[in-house]
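What follows is a set of notes on a single structure, which appears directly below.
Every number in this text was worked out from the coordinates using simple rules, so none of it is lab data. This structure is a prediction, so every number in the text was calculated from the model and none was measured. Positions of Cβ are backbone-derived with ideal geometry, glycine not excepted, and every protein chain shown enters the neighbour counts.
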Amino acid sequence: MRTAPARKYRASEKRALTKQQNRAAIEAAAWEVFCDIGMDAANIRDIVHRSGVSPGTFYNYFRTKEAIFEVLSQRLLEKIRNENRKARAKAITLEQLLFLSYSSFLTLLHSIDGAMNFIDRNQHHVRSQIYPSSAIKGLADDLEQDLRRFIPASAISRHDRALVSSIVISAGAEAVLNQRQTRPVKKMKHLSEFLTRFMSRGLSGLLSEPETRFRHT
C-alpha cells in the first residue's frame, strides 16, 4: 500500500505552524477554564495544565489571565456583530429588524459551546468588556444605519436614532446577563419576542406622538 509522502515544511513555516497551534491550544484551554470556574477563581496554572504547553510558552503569548480573557471576550463580541449584521439584512419591517437582531444574538450564544457559561461565570468582567469594545461600537453604528431604513430622518434626530440603537443593544445585553446558563432555548425565543414587543411598542409611541415636555409635580 502506497502512502502519500509526508508534507515537508521549511523551518520558518514549521515555526509559524507551531506558534499557531500553541496559541490555539492556550486559547481553547482558557475558554474551558473560564467557562468552568470563571476568571476570578482561575489561575494561569489551570490554563497551562489544560493546554499542554509549558508555562514559558504561555508567557510568550499572554502575560496575564486578564489579557487572554479580553481576547476571548472581544472575539465573541465580534462574532455577535457579524452574525447580527447578516440577520438584520433580511428585515423588511422595523419589528422584524428588532426580532432578527435579538434572535440571532441569542441563537449564536446557544450555538457556541460554553458561551452561556462563560457569560454567567464572568458577568462583571463581561460587563466591563462590552461598552468599551470596538465590536459593540461597530454593532451600534451598524444598527443605527439599519434603523434609517424604517425610521424617517424627519421623525427623530440622528442623535436620538443613535440613542435608540444603544438602548436596543443594552436591553439585549442586560437580558442575557440576567439569565442563567441553563435557560432552555424555548425560553430564549420567548425572550426575543418579549424584547421585540417592548422595543417596537416604545418606538411606535415615540414616532406617533409629538415631542412633549415633562413637568415634575
Q: Starting from the Cα coordinates of the range 12-63, work out the convex hull volume and express it per residue in Å³.
A: 61
**Q.** the chain - mean residue ellipticity at 222 nm from DSSP helices (-39,500 (n - 2.57) per run, n ≥ 4, rounded to 500)
**A.** -24000 deg cm²/dmol
Q | Span-like helix ranges in the chain, DSSP H, alpha carbon extent 30 angstrom or more, Kyte mean at least 0.0 | A | 185-208
**Q.** Most mobile of S133, S54, S165 in a GNM of the chain (Cα contacts under 10 Å)
**A.** S54
Q. Hey, can you rank 27-35, 120-128 by average C-beta count inside 10 Å, highest first?
A. 27-35, 120-128
Q. What is the spread of the Cα atoms of the chain along each of their three principal axes, largest first, in whole Å?
A. 76, 45, 33
Q | Flagged links, alpha-carbon separation over 25 Å, of K19/K137; K19/K65; K86/K137; K86/K189; K14/K86 | A | K19/K137; K14/K86
Q) GNM, the chain, Cα, under 10 Å: largest mean-square fluctuation among A41, A87, A173? A) A41
